[in-house]
1. Out of Glu70, Glu108, I need the residue that is on the phi > 0 side of the Ramachandran plot and either surrounded by 15 or more Cβ atoms within 10 Å (Cβ to Cβ) or of a type in the set (Phe, Trp, Tyr) (or both). Which one?
2. Are there any strands (runs of 3 or more DSSP E) wholly within region 13-101 with 2 or more residues that are within 12 Å of the ligand (Cβ to nearest atom), and if so which?
3. Can you report the number of residues in region 27-52 which are within 12 Å of Val4 (Cα to Cα) and small (Gly, Ala, Ser)?
4. Considering each of Glu29, Glu70, Glu48, Glu62 in turn, give the residue that is within 19 Å of Arg198 (Cβ to Cβ) and of a type in the set (Asp, Glu).
5. Of everything in region 89-105 that's free of Cβ contacts under 8 Å to residues at least 12 places away in the same chain and among the hydrophobic types (A, V, I, L, M, F, W, C), which residue is surrounded by the most Cβ atoms within 10 Å (Cβ to Cβ)?
6. Residues Ala202, Ala131, Ala168, Ala146: which one is aliphatic (A, V, I, L, M) and over 24 Å from Lys118 (Cβ atoms)?
7. Are there any pairs with C-beta distances below 8 angstrom linking a residue in region 14-26 that is in the same structural domain as Ala199 (by TED's automatic domain parsing) and modelled with pLDDT under 95 to a residue that is within 11 Å of the ligand (Cβ to nearest atom) and not in a helix (DSSP H, G or I), with the two at least 6 apart or on different chains, and if so which?
8. What is the number of the single condition among (1) within 27 Å of His77 (Cβ to Cβ); (2) modelled with pLDDT of 95 or more that Asp151 does not meet?
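The values are calculated or read from the model by the stated rules, or taken from the named source; none is laboratory data. What you are looking at is a predicted structure, and each value in this text was computed from that prediction instead of being measured. Please note: Cβ atoms are built from the backbone with ideal geometry, for glycine as well, and neighbour counts cover all protein chains shown.
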Amino acid sequence: MITVTAFRWVPPFARGQVRDLRVRWAIEEAGLPYQARLLEQGDQDKPEYRAVQPFGQVPVFEEDGLTLFESGAIVVHIGERSEALLPIDAAARARATQWLIAALNSIEPHIMNVAAVKLFYADQEWAKLRAPGATEFARHRVSSLATSLGDKSYLDGGRLTAGDLMMATVLRIVPELIVEPNLKAYVERCTARPAFQRALAAQLGDFKEAA
Ligand SMILES: N[C@@H](CCC(=O)N[C@@H](CS)C(=O)NCC(=O)O)C(=O)O
């Protein structure tokens, strides 16, 4: 059975955003069973946890003696077991991985820069000075993505892949950055999927239970 490590508690603004959501969603798309292991405050700094997650973060994936960290690596690993996430055709599979890495490497850092200045450090002077530049650059990237998406339903055409799963989770971190109607509709299309809704409900349910 797959175990996904998540936090038992995070501040309200982070609920529904914590990165175990990506992994739960991928597992749901693949139709696999899993259980969540919830970290108590302080567990992330214990040596036994650092041995599997060097940075003390979530998520961690565990199954049959394999432990993995980094949500991107975990989603690819799950995708290798399910055509629902990674197509069988080698070229389509490579393009799905390309979009997953684009989400993590070309879009997420810029969106996180905006999250830092507008959410995490909003009341600090440096953040107020940095906000316009960070927003402008993130918008530039998001707008290029919207152009590339065009009138397609998903990034590589007519079906969702692991690349879309990752991109949608990244884009919903700061919804105000997504202004293009086609990209807004894309995020809504991805997150309306029953598998996403089940994953979100499971993460929020775990926080509720802990409250
Ligand atoms: N690149 C990592 C980032 C993981 C990450 O940022 N996790 C956050 C929760 S969303 C975390 O554990 N934060 C606590 C910390 O960094 O101490 C991944 O994608 O798995």
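1. Numbers: Glu108 fails: on the phi > 0 side of the Ramachandran plot.
Matching residue, one of Glu70, Glu108: Glu70.
2. On the way: elements: 34-39, 60-63, 66-69.
Qualifying strands (runs of 3 or more DSSP E): 60-63, 66-69.
3. 1
4. On the way: Glu70 fails: within 19 Å of Arg198 (Cβ to Cβ); Glu48 fails: within 19 Å of Arg198 (Cβ to Cβ); Glu62 fails: within 19 Å of Arg198 (Cβ to Cβ).
Sole residue among the options that is within 19 Å of Arg198 (Cβ to Cβ) and of a type in the set (Asp, Glu): Glu29.
5. Of all residues in region 89-105, those free of Cβ contacts under 8 Å to residues at least 12 places away in the same chain come to 89-91, 93-94, 105.
Those still in the list that are among the hydrophobic types (A, V, I, L, M, F, W, C) too: 90-91, 94.
On the way: Ala90: 8, Ala91: 9, Ala94: 11.
If we take residues in region 89-105 being free of Cβ contacts under 8 Å to residues at least 12 places away in the same chain and among the hydrophobic types (A, V, I, L, M, F, W, C), then Ala94 is surrounded by the most Cβ atoms within 10 Å (Cβ to Cβ).
6. On the way: Ala131 fails: over 24 Å from Lys118 (Cβ atoms); Ala168 fails: over 24 Å from Lys118 (Cβ atoms); Ala146 fails: over 24 Å from Lys118 (Cβ atoms).
Answer to the selection: Ala202.
7. From region 14-26, no pairs qualify.
8. Condition not satisfied by Asp151: (1).
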